[in-house]
Amino acid sequence: MNSKQFETAKMCLKVVTPINISDGIVLGAKDYLYDSRRQKVFFLNLHQWHMFIYKHMLLEKYESYLANFRDKQSLLEWLQMQGYDIDDVRTVITSEAQATVNLMDNEKKKTLNDINRHIQQPEGSLYVPGSSIKGVFRTAILYSLLQKRQDIKVKYWRQIQEKISSNYFKPYRDFNKLISDLENEFLHTLRLVDGNIRSNNAVCSVMRGLQVSDTYASRNMQTAILQKVDGGFDKFGKASPKKLPIFRECMLPKAELFFDVKIEKAVMSTIGINTVDDLLKATHSFFAAVTDLLQQAFEKEYQEAFQGVAAGNMFLGGNTGFLSKTLLAMLAPDKDTAKNTIKVLLDKSFKTHKHLLRDKVIAPRTLKCTNYNGKLMLMGVAEVRKV
């Protein structure tokens with residue numbers, strides 16, 4: 001392999017604030033053991049758990065528990081009533097996570113609600129998919145290209161305004177098509193020998209020249225079950241964070257994972273990415289732009305949430321917010337215009353959320369946070385660097 005044609009690099013992904021990348025599996029309160037005394041959640045191998053139930057002749061009682069479940073008794077409490085405890089089921093526990101937020105606001109509540117697990121390999125080790133990291137790189141590259149082409153920014157912003165003002169506006173369909181068209185214009189620029197291949201085909205994308213591996217399997221990584229917190233304002237403009245009944249298994253600050261990046265220079269250089277350093281520079285620029293928007297709106301009342309964020313260079317995973325995942329605000333000519341347009345878009349998409357009435361400082365009006373170690377933190381901040 002000619003080193004002049006490719007650059008490969010081993011990369012480190014360091015967790016700055018809690019990160020969750022969901023595997024799409026949501027565990028109900030009957031699917032895990034929650035020990036409020038130890039402040040831990042124990043995840044089960046359900047096949048082995050059912051074998052334990054069968055072996056100890058608990059099937060009838062277990063079926064009765066499931067049929068009459070009303071959040072008044074946790075699965076661990078039921079197990080203890082049968083004369084068993086955590087130590088008796090160690091062989092059916094696949095992993096455990098901290099659960100330091102005690103949600104038992106009243107005596108009727110004994111569980112942590114549904115839990116969105118972090119994605120894992122078949123044998124149970126946590127990882128970050130290369131596709132998730134590459135998606136962040138892609139958005140950052142588009143942002144970088146937009147800074148050089150004011151004409152394209154104006155063109156797409158006009159289209160957005162025209163669509164939103166139309167009586168036939170379909171938020172997901174129309175907005176997604178605009179972003180797809182923008183990607184085609186900037187990234188689907190490869191000219192292939194087969195002239196029958198249309199430009200919107202992925203084989204025409206310069207992103208073919210960027211390969212990102214999954215992170216290497218991370219066994220025994222410590223995780224925590226953290227609650228979603230929306231940082232907003234009360235009617236007097238003071239901080240008014242709201243805890244929501246949404247819980248995620250998160251990788252924790254200071255954890256490090258490793259992955260590989262490979263750049264095909266002849267392809268990526270057509271969009272100004274000649275090296276891994278160029279890629280990281282674009283990534284940091286987009287991260288800084290999003291962080292700046294959030295700080296201008298929230299930092300005065302939410303200083304704690306921004307502590308340490310400057311160490312990161314990307315937002316990754318769930319609950320990182322609308323602005324970190326889209327380029328809509330970056331297409332607008334100024335921040336006020338962006339806010340006014342985004343709140344119209346969101347109001348048409350989520351009518352019960354009252355975005356037109358309540359998104360006064362910024363749209364969306366909430367900062368996506370969680371509580372960890374007694375501190376309010378932004379979700380999903382990571383630092384990616386070469387090793």
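The values are calculated or read from the model by the stated rules, or taken from the named source; none is laboratory data. Just so it is clear, the model here is predicted, and its values are computed rather than measured. As a convention, Cβ positions derive from the backbone with ideal geometry for all residues, glycine included, and neighbour counts pool all protein chains shown. Accessible surface is based on the protein model in full, side chains and every heavy atom, while ligands, DNA and RNA are left aside. Shrake-Rupley method; radii C 1.70, N 1.55, O 1.52, S 1.80 Å.
What the table below lists for this structure:
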quantity	calculated
Only listed residue being over 19 Å from the mean Cα position of the chain (by Cα) and at negative phi, chosen from T326, T270, T291	T270
Residues of the stretch 329-385 classified as of a type in the set (D, E) and under 20 Å from the mean Cα position of the chain (by Cα), total	1
Meets criteria (under 29 Å from K10 (Cα atoms), assigned to a helix (DSSP H, G or I) and open to solvent by 60 Å² or more (accessible area, probe 1.4 Å)) for A266	yes
Scope the stretch 23-37; condition within 8 Å of L75 (Cα to Cα) and open to solvent by less than 20 Å² (accessible area, probe 1.4 Å); matching residues	A29, Y32, L33, Y34
Yes/no for S240 being surrounded by fewer than 17 Cβ atoms within 10 Å (Cβ to Cβ), closer than 12 Å to L210 by Cβ and without any contact (Cβ under 8 Å) to a residue 60 or more places away in the chain	no
Residue that is modelled with the lowest pLDDT, among those in the stretch 41-71 that are of a type in the set (F, W, Y) and surrounded by 14 or more Cβ atoms within 10 Å (Cβ to Cβ)	F69
Enumeration of residues in the stretch 72-101 that are out of contact with any Gly (no Cβ under 6 Å at 6 or more places or on another chain), open to solvent by 60 Å² or more (accessible area, probe 1.4 Å) and hydroxyl-bearing (S, T, Y)	T91, T100
First in the stretch 30-55 and under 18 Å from N116 (Cα atoms), second anywhere and part of a strand (DSSP E or B) and open to solvent by 50 Å² or more (accessible area, probe 1.4 Å), Cβ under 8 Å, 6 or more apart	Y34/K40; K40/E96; V41/E96; F42/E96; F43/T94; F43/E96; L44/T94; N45/T94
Filtered residues of the stretch 110-153 (kept if more than 24 Å from M379 (Cβ to Cβ) and loosely packed, with under 15 Cβ neighbours inside 10 Å)	P122, E123, Q147, K148, R149, Q150, D151
Subset of the stretch 155-205 [modelled with pLDDT under 85, open to solvent by less than 30 Å² (accessible area, probe 1.4 Å) and assigned to a loop (DSSP other than H, G, I, E, B)]	F169
The listed residue being open to solvent by 40 Å² or more (accessible area, probe 1.4 Å), outside any loop (DSSP other than H, G, I, E, B) and touching a residue at least 12 places away in the same chain (Cβ under 8 Å), out of V344, V290	V344
Meets criteria (surrounded by 18 or more Cβ atoms within 10 Å (Cβ to Cβ), assigned to a strand (DSSP E or B) and at pLDDT below 95) for F259	no
Cβ-Cβ under 6 Å pairs, at least 6 apart or on other chains, the stretch 356-379 side without any contact (Cβ under 8 Å) to a residue 60 or more places away in the chain and charged (D, E, K, R), far side open to solvent by 20 Å² or more (accessible area, probe 1.4 Å) and outside any loop (DSSP other than H, G, I, E, B)	D359/K343
Qualifying positions in the stretch 209-223 - of a type outside the set (K, R), assigned to a loop (DSSP other than H, G, I, E, B) and open to solvent by 30 Å² or more (accessible area, probe 1.4 Å)	S213, D214, Y216, A217, N220, M221, Q222
Test: residue in the stretch 247-254 that is open to solvent by 40 Å² or more (accessible area, probe 1.4 Å), within 25 Å of G130 (Cβ to Cβ) and without any contact (Cβ under 8 Å) to a residue 40 or more places away in the chain	no
